[in-house]
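Some notes on the structure that comes next.
The values are calculated or read from the model by the stated rules, or taken from the named source; none is laboratory data. This one's a predicted model, so the numbers in the text were calculated from it and none came from an experiment. Here the Cβ positions follow ideal geometry from the backbone for every residue, glycine too, while neighbour counts run over all protein chains shown. Protein only, heavy atoms only, side chains kept; ligands, DNA and RNA dropped before computing areas. Shrake-Rupley method; radii C 1.70, N 1.55, O 1.52, S 1.80 Å.
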Amino acid sequence: MLFNQIKSAFRNLLRYKNYSLFNIAGLAAGIAVCILIAVIIRFETSFDDFHKNKNQLYRVLMEYHHPGENGIFYGAAAPFPLPSMIKKDLPDIKKSSGVFSFGNDQILVLDQNGKVVKRFKENKGMFAVEPEFFDMFDFKWLAGNSRSSLSDKNSAVLTKEIAEKYFGDWRNALGKTIKLDNRLLVKVTGVLENVPANTDFQFKIVLPYAVLGLDKSTDWGSSSDSHGMYLMLPPGSTAATFDPRLRAEFKKYRPADDKDEIVVQSLSEIHYYDAHSHTQNFLGRTIAKSSLRILWMIAAFILIIACVNFINLATAQAVNRAKEVGVRKVLGSGKWQLRMHFLAETFLLVLISVFLAMIIAAFAIPRVGKILDMPLSLNAMYSKEMILFFLALLFFVTLSAGFYPSVLLSGFNPIEALKSRLSIKSNKGISLRRSLVVFQFIIAQGLIICTIIMLLQMNYFNRQSMGFDKDNIVDITFPGDSASNSKIDYLNASLHRIPGVKNVSFNSQPPATDDNNWYDFKYDHALKYNEQYSIMKFVDPAYFQTFGLTLVAGRNFSSDTAHEVIINERMLQELETKNPEDVINKQIDIHDLVGPIVGVVKNFNSTGFKDKYSRVLFAPKRRYYQHVGVKLSSGESFEAIKSIENLWNKTFPDYVFEYHFMDEAVANFYKQENQLAQLYKIFAAIAIFLGCLGLYGLASYMAAQRIKEVGIRKVLGASIVSIVYLFSKEFVVLISIAFLIASPLAWYFMHNWLQDYAFRIHIGWWIFVMGGLICIIIALATVSYRAIRAAVVNPVTSLRSE
């Protein structure tokens with residue numbers, strides 16, 4: 001019986017080829033989007049879930065209490081003495097580790113005689129950890145172990161990929177010597193298996209924590225975004241029970257009136273973005289949980305649209321299959337047998353669509369991974385979870401798309417069907433189909449409007465002035481060792497002689513970067529350090545002219561060795577003064593730097609447009625210079641960079657020359673938003689495509705129902721244009737209703753999304769009009785095609801009665 005139903009279903013699919021192709025195309029597109037989104041979300045939610053102790057692993061966060069504008073927010077920059085404090089004062093915490101991540105390091109591979117044989121540059125992936133780190137986290141060792149391989153502070157552990165990059169075969173790496181930043185000689189004592197893509201710890205080279213000397217630090221006022229603290233709670237202990245103990249111990253090392261606290265954060269939460277904190281991770285990429293929910297909603301809506309299309313197309317096809325139903329009923333088929341028959345047809349269509357969707361998804365996954373800069377793997381499609389997901393999709397879509405058409409088709413009167421007098425006049429049915437079309441275009445128009453707003457916000461980011469000059473500025477990584485520092489004057493003079501070079505500045509960081517150092521300070525001989533941490537940049541006097549930062553009060557540094565400080569306007573609020581002149585010559589104490597404030601610069605965006613203006617301090621100090629900013633003349637970049645590279649290779653023969661343009665670095669602040677905007681554009685296009693299939697289905701249904709009316713109108717002299725108008729006006733009304741519902745919903749969601757950005761666009765009325773017009777134009781083009789086909793039919797054929 002089942003075999004006969006499937007055989008009959010397959011014959012009907014071949015008989016009604018156009019109907020089958022439309023249905024398969026719509027369902028395949030909807031299911032492919034669901035598969036693609038499921039793969040993305042599976043990857044994003046799997047970070048660091050492979051550690052067997054994952055439920056006991058936590059990161060320590062600073063909880064900053066700032067009354068007024070900031071309130072409470074969290075930061076991942078752990079004070080440098082914190083790891084030692086936890087080991088000393090919390091003995092039941094058997095496993096804990098400070099972690100320091102760094103990059104932009106020059107790697108020299110040495111032979112047995114100490115001669116340089118290879119040079120490399122690692123921008124990221126350099127880590128310093130304590131031996132207990134590998135007792136907490138499950139990273140596989142190919143050679144060595146956490147205790148022996150990191151026991152000597154001049155040792156290093158490489159991943160297999162890096163070991164093969166440096167030495168050909170990872171086995172050849174053991175015992176070999178490499179030199180970091182031309183100052184630190186380390187011996188390779190262990191090799192790790194390549195770390196999975198779904199971890200925030202993307203190791204390349206791992207050093208002992210002691211090599212940085214941070215284990216000896218007693219300065220509780222110093223921290224870095226690159227420094228974190230991880231620990232494993234004992235069994236039975238939770239964050240709620242541990243936090244009070246941790247806070248109590250932390251308070252012993254802080255001033256009595258210090259309001260800042262310390263808490264722990266579960267490992268499972270580290271990969272997620274919080275707009276109200278500074279809790280980045282070492283990967284440098286997080287995702288908001290709201291973004292994942294939006295992706296799930298898009299997947300669900302697009303799948304629903306695909307099912308709606310099936311219903312509309314099946315309804316339009318119903319009249320053509322009336323005689324088949326009549327014959328089956330006359331031969332004894334009951335309603336349930338007919339329903340099972342039509343559900344079998346739906347199941348076959350959905351099964352074909354699922355296989356086609358898998359092929360589409362397999363083709364799309366690497367390309368979408370490239371757009372999102374994610375290592376999405378085709379293997380994710382064949383996991384146990386995804387197989388269950390495919391089966392759930394198969395049965396859900398079969399029931400949701402096939403139930404109503406099966407009920408409709410099985411309910412035909414056999415006598416009327418066999419006499420070809422069948423017409424579906426149910427107002428309820430027509431209302432349902434129209435409602436489904438409205439629903440489809442609510443989603444499609446909502447996606448279009450949201451995508452337009454996202455693209456406009458991205459355009460705002462790219463075009464709006466950040467308060468400093470980022471055009472034609474090359475940022476070059478500068479070696480931070482003392483030998484390189486001694487060449488600053490020579491290099492500065494040589495760079496200025498290169499044609500096309502306008503200005504040169506040596507500094508610790510450019511104006512806008514994710515890699516900032518935060519310091520507390522004392523102002524005007526205060527007895528205690530200020531509670532507000534501020535960004536500290538060490539720069540030479542040429543910095544402000546090179547990057548176009550404007551002084552609003554005071555002067556520039558007198559030299560690049562002076563004990564002087566310049567602040568930005570945002571700092572004035574913290575110093576409780578409005579007049580920039582009032583802070584000039586007031587003393588400021590930044591731990592090992594004490595000197596007067598000599599100038600105030602205009603506010604600029606130091607961390608992108610996501611955040612408000614940050615408090616920034618500037619001071620000259622050569623030993624902290626790690627970058628060189630070079631301002632080039634327009635149109636002379638290529639030749640100038642070639643000349644700079646030649647100079648660099650002569651001056652620093654052991655260092656790899658590396659540079660990037662500032663405008664590219666600034667664009668990276670919004671890389672994830674741009675990627676999601678590209679993805680939403682694709683989804684909006686698919687939603688429109690599916691919506692148009694639904695319109696085509698309803699237009700086909702109307703054409704089938706009104707074929708005699710069209711014939712009569714043509715006999716009475718109606719033109720093709722008037723008939724097209726007859727069909728189109730109803731759809732314009734339906735799309736207009738969808739527009740009126742979609743617009744406020746899109747405004748609500750996008751208004752909330754924009755609140756995550758301190759600097760944002762205004763959502764104008766014209767955005768909604770543009771989204772509505774796009775939908776109407778595309779919809780009319782679809783309906784007009786079907787209407788023209790109905791209008792050109794010979795009226796003799798239309799009016800002929802058997």
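Packing, taken as the mean count of other beta carbons within 10 Å per residue, orders the peptides 303-312, 676-685, 638-647, 344-353 from highest to lowest as 303-312, 344-353, 676-685, 638-647.
Note on the range 489-544: percent of Cα-Cα distances in each 5 Å bin, starting at 0 and stopping at the bin with the largest distance, equals 4, 15, 18, 16, 15, 13, 7, 7, 4, 1, 0. A simple charge model with +1 on the Cβ of Lys and Arg, -1 on the Cβ of Asp and Glu and nothing else charged puts the dipole of the range 436-523 at about 240 debye relative to its Cα centre. Simple rule: put +1 on each Lys or Arg Cβ and -1 on each Asp or Glu Cβ in the chain, find the dipole, and look at Asn752, Ala210, Ile588; the Cα lying farthest toward the positive end is Asn752. Each peptide in 714-725, 211-222 receives the mean, over its residues, of other Cβ atoms within 10 Å, and ordering these scores from highest gives 211-222, 714-725.
Please state the charge dipole magnitude for the chain, taken about the Cα centre, from unit charges on C-beta atoms (+1 on K and R, -1 on D and E), reported in debye and rounded to the nearest 20. Intermediate values should be presented prior to the final figure.
Working: 86 positive and 70 negative charges, 947 e Å.
The calculated dipole for the chain is roughly 4540 debye.
Taking all protein chains as shown and a probe of 1.4 angstrom, Asp514 keeps an accessible surface of around 110 Å².
For the range 623-640, backbone nitrogen atoms closer than 18 Å to the point 7 Å from Asp663 Cα along Cα-to-C-beta are found at 629-640.
Listed by chain and number, the aspartates and glutamates whose C-alpha is less than 12 Å from the C-alpha of Lys87, apart from same-chain residues fewer than 8 away, are Glu130, Glu132, Asp215, Glu249. Translational diffusion coefficient of the range 65-216 at 20 °C, 1.002 mPa s, Stokes-Einstein with Kirkwood Rh over Cα pairs, in µm²/s as a whole number. So the translational diffusion coefficient is about 129 µm²/s.
Placing unit charges on the Cβ atoms of the charged side chains and taking the dipole of the range 473-571 about its Cα centre, the candidate lying farthest along the positive direction among Asn556, Asn530, Phe478 is Asn556. Heavy-atom surface analysis with a 1.4 Å probe gives the range 533-669 a carbon and sulfur content of 46 percent of its accessible area.
On the accessible surface of the range 120-192, probed at 1.4 Å, how many percent belong to carbon and sulfur atoms?
Numbers: 1330 of 3060 Å².
Looking at the range 120-192 in its full context, I get 44 percent from C and S.
Once you keep just the Cα pairs under 8 angstrom separated by 6 or more residues, what percentage relative contact order results for the chain? Averaging sequence separation for qualifying contacts and normalising by length gives 15 percent for the chain.
A dipole drawn for the range 92-204 from +1 and -1 charges on Cβ atoms has a positive end, and of Gly190, Thr177, Phe127 the residue lying farthest that way is Thr177.
Based on the convex hull around the alpha carbon atoms, the range 126-172 presents an average projected area of 3.5 nm².
Give the accessible surface of the range 481-538 per residue, rounded to a whole number of Å², with probe radius 1.4 Å and ligands, DNA and RNA excluded. Before the final figure, lay out each step's value.
Working: 2420 Å² over 58 residues.
Per residue, the range 481-538 has an accessible area of 42 Å².
Gyration tensor analysis over the Cα atoms of the chain returns equivalent ellipsoid semi-axes of 63, 32, 26 Å (largest first, whole Å).
Quote to one decimal, in nm, the extra length available between Lys118 and Glu269 on full extension: 0.36 nm per residue of separation minus the C-alpha distance between them. Can you show the working numbers first?
Working: separation 151, 0.36 × 151 = 54.36 nm, distance 4.00 nm.
Value of the extension gain: 50.4 nm.
Each label was represented as a point 7 Å from its Cα along the Cα-to-Cβ direction; for Lys650 and Phe396 these points are 6.6 nm apart.
By the gyration tensor of its Cα atoms, with a ≥ b ≥ c the square roots of the eigenvalues, what is the shape of the range 466-519: rounded for a/c under 1.5, prolate for a/b over b/c, or oblate? In terms of gyration-tensor shape, oblate.
Only protein atoms count toward the accessible area here, which uses a 1.4 Å probe; on the range 445-490, the carbon and sulfur part of that area reaches 48 percent. Calculated mean residue ellipticity, 222 nm, the chain: -15500 deg cm²/dmol, from DSSP H runs (n ≥ 4) at -39500 (n - 2.57) each, averaged per residue and rounded to 500. Note on His660: accessible area approximately 70 square angstrom, rounded to 10, probe 1.4 Å, nucleic acids and ligands left out.
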